[in-house]
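Here's the structure, in structure tokens; my notes come after.
The values are calculated or read from the model by the stated rules, or taken from the named source; none is laboratory data. None of these values were measured; they are calculated from a predicted model. Positions of Cβ are generated from backbone atoms using ideal geometry, with glycine treated the same way; all protein chains shown enter the neighbour counts.
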């Protein structure tokens with residue numbers, strides 16, 4: 001724990017070490033602080049955040065940073081933008097198969113479902129707006145409940161252009177040091193032979209629906225991955241449900 005740093009009237013900053021070993025910036029607001037004072041102090045607070053980010057790098061435990069890093073690594077290891085898009089669309093279907101079991105009424109405004117949450121993470125990592133995401137996910141869950149695939153993986157919510165734009169933005173954020181990668185996420189990259197999933201039932205359900213409604217597409221996707229692996233590439237470790 002460091003001493004308090006005054007950043008404005010009634011406002012102080014302090015660097016704290018978390019249980020995970022990372023340093024975090026805490027802003028202390030006392031009774032003498034005002035909304036105007038907080039606005040005036042924001043530039044000083046932002047400089048402290050920038051200093052901290054340069055010192056220890058961005059937190060790669062953040063799900064969106066981890067996902068974007070993963071997809072950037074896949075691109076560097078031979079995956080095309082279109083194949084990455086198919087991978088995301090497939091993973092979304094796997095997660096929605098889980099959500100279909102967890103959700104009774106998909107039209108409820110508040111729904112607790114880890115499957116839907118993980119699917120949202122995947123699409124938000126591709127910089128999709130929440131309203132657009134729900135316009136895909138809610139009908140998608142309804143289709144799965146009816147025994148249908150929600151979409152083909154080559155024409156789902158994510159296409160190659162969206163992946164390209166998201167990864168270009170990721171590279172831009174690294175160039176401007178908005179994101180600083182000092183250490184990659186702990187999962188790294190794994191060969192497909194080492195990838196296991198605890199959600200076999202949901203993966204099998206997704207494959208069953210896709211093969212029924214969009215025959216041949218899943219095999220095309222799997223063949224493309226096998227080709228990458230035969231050429232010495234690797235496969236990202238974030239697959240299926242969380």
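Filtering the range 125-153 to residues that are in contact (Cβ under 8 Å) with a residue 24 or more places away in the chain and not in a helix (DSSP H, G or I) leaves 126, 127, 128, 147, 148, 149, 150, 151, 152, 153. The condition (being touching a strand residue (DSSP E or B) at 6+ places or on another chain (Cβ under 9 Å), surrounded by 15 or more Cβ atoms within 10 Å (Cβ to Cβ) and under 30 Å from residue 142 (Cβ atoms)) is satisfied by just one residue among 87, 91: 87.
Screening the candidates 55, 69, 90, 64 for the property of being within 30 Å of residue 208 (Cβ to Cβ) and assigned to a helix (DSSP H, G or I) yields one hit, 90.
On the stretch given as the range 169-216, residues that are within 28 Å of residue 140 (Cα to Cα), in contact with a helix residue (DSSP H, G or I) (Cβ under 7 Å, 6 or more places away or on another chain), at pLDDT below 90 and not in a loop (DSSP other than H, G, I, E, B) total 1.
Of the residues screened, residue 122 is not one that is part of a helix (DSSP H, G or I) and modelled with pLDDT under 95. Taken over the range 217-227, the criterion of being free of Cβ contacts under 8 Å to residues at least 40 places away in the same chain and either touching a helix residue (DSSP H, G or I) at 6+ places or on another chain (Cβ under 9 Å) or surrounded by fewer than 12 Cβ atoms within 10 Å (Cβ to Cβ) (or both) is satisfied by 219, 223, 226.
Among the residues of the range 154-168, is there at least one that is part of a loop (DSSP other than H, G, I, E, B) and over 24 Å from residue 79 (Cβ atoms)?
Taking the range 154-168 and keeping what is part of a loop (DSSP other than H, G, I, E, B), we get 154-159.
Okay, now just the ones that are also over 24 Å from residue 79 (Cβ atoms), so none.
Taking every residue of the range 154-168 in turn, none turns out to be part of a loop (DSSP other than H, G, I, E, B) and over 24 Å from residue 79 (Cβ atoms).
Going by the conditions given, is residue 41 outside any helix (DSSP H, G or I), surrounded by 11 or more Cβ atoms within 10 Å (Cβ to Cβ) and not assigned by TED's automatic domain parsing to the domain that holds residue 177? For residue 41, the condition - outside any helix (DSSP H, G or I), surrounded by 11 or more Cβ atoms within 10 Å (Cβ to Cβ) and not assigned by TED's automatic domain parsing to the domain that holds residue 177 - is not met. Tell me, yes or no, whether the range 100-111 has at least one residue that is surrounded by 17 or more Cβ atoms within 10 Å (Cβ to Cβ) and in a helix (DSSP H, G or I). The answer is yes, given that some residue of the range 100-111 is surrounded by 17 or more Cβ atoms within 10 Å (Cβ to Cβ) and in a helix (DSSP H, G or I).
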